[in-house]
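The values are calculated or read from the model by the stated rules, or taken from the named source; none is laboratory data. This one's a predicted model, so the numbers in the text were calculated from it and none came from an experiment. We place every Cβ from the backbone using ideal geometry, glycine too, and count neighbours over all the protein chains shown.
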Amino acid sequence: MARIATYSKDTSISVDDLLIGTDAEDSNITKNYKVGDLTPIIKGYKDYVFSFTQNNTDDPVVTELSNDTGLTFTFTRYSTGQFHLVPSDSLDISKTWAQVTGGNIGASTVLNIKNFQTDLIAIVNVDTATGTATDDVDTGFVEIRIYP
């Protein structure tokens, strides 16, 4: 048997690197596991995180930061200052947490969740001076967490 202390430490680990582990169902089976596949287990939830910008009447431009949910999400402009985030499969809202932040700093807008359903999360960009929905989001951030 090898001594762990004899192996050098590697700090360049990536999500695609493999780890060796024993199957809990059958201790005679050893498998390779990707480091990235352990993330939801370590966190205790799966998540979808993205940032976005939006101008005029255009759909938002999304930059995906993380998605280990196994779902695909569609994010579109619904009407003035209102956006719809639609998952490819229904969410169990009793086990789903959502947060949105950001807006347009120059025009003093803030993003809020307007509606939260199993098949839709509606987000609105509100002008803090008038209380009305408005287009143009300099920077927005959305995080959806799905707990087991």
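Residue-by-condition table, conditions (1) closer than 18 Å to Arg145 by Cα; (2) under 16 Å from the mean Cα position of the chain (by Cα):
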| position | (1), (2) |
| --- | --- |
| Asp37 | yes, yes |
| Gln54 | no, no |
| Thr69 | yes, yes |
| Leu91 | yes, yes |
| Asn115 | yes, no |
| Leu120 | yes, yes |
| Ala129 | no, no |
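Summed over segment 59-82, residues that are loosely packed, with under 12 Cβ neighbours inside 10 Å and in contact with a Lys or Arg (Cβ under 8 Å, 6 or more places away or on another chain) total 1.
Residues in segment 116-130 that are of a type outside the set (Asp, Glu) and modelled with pLDDT of 95 or more: Phe116, Gln117, Thr118, Leu120, Ile121, Ala122, Ile123, Val124, Asn125, Val126.
Table: residues versus (1) touching a residue at least 24 places away in the same chain (Cβ under 8 Å); (2) of a type in the set (Asp, Glu); (3) touching a Leu at 6+ places or on another chain (Cβ under 6 Å).
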position: Thr96; (1), (2), (3): yes, no, no
position: Gln99; (1), (2), (3): yes, no, no
position: Gly102; (1), (2), (3): yes, no, yes
position: Gly106; (1), (2), (3): yes, no, no
position: Asn112; (1), (2), (3): no, no, no
position: Asn115; (1), (2), (3): no, no, no
position: Leu120; (1), (2), (3): yes, no, no
position: Val126; (1), (2), (3): yes, no, no
position: Thr130; (1), (2), (3): no, no, no
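Applying the set (1) surrounded by 11 or more Cβ atoms within 10 Å (Cβ to Cβ); (2) in contact with a Phe, Trp or Tyr (Cβ under 8 Å, 6 or more places away or on another chain); (3) at pLDDT 80 or above to Gly103 leaves exactly one unmet item: (2).
The set of residues in segment 30-49 being hydroxyl-bearing (Ser, Thr, Tyr), assigned to a strand (DSSP E or B) and at pLDDT below 95 consists of Thr30, Tyr33. Count, please, the residues in segment 27-54 that happen to be under 20 Å from Ala98 (Cα atoms), free of Cβ contacts under 8 Å to residues at least 60 places away in the same chain and β-branched (Val, Ile, Thr). Final tally of qualifying residues: 3.
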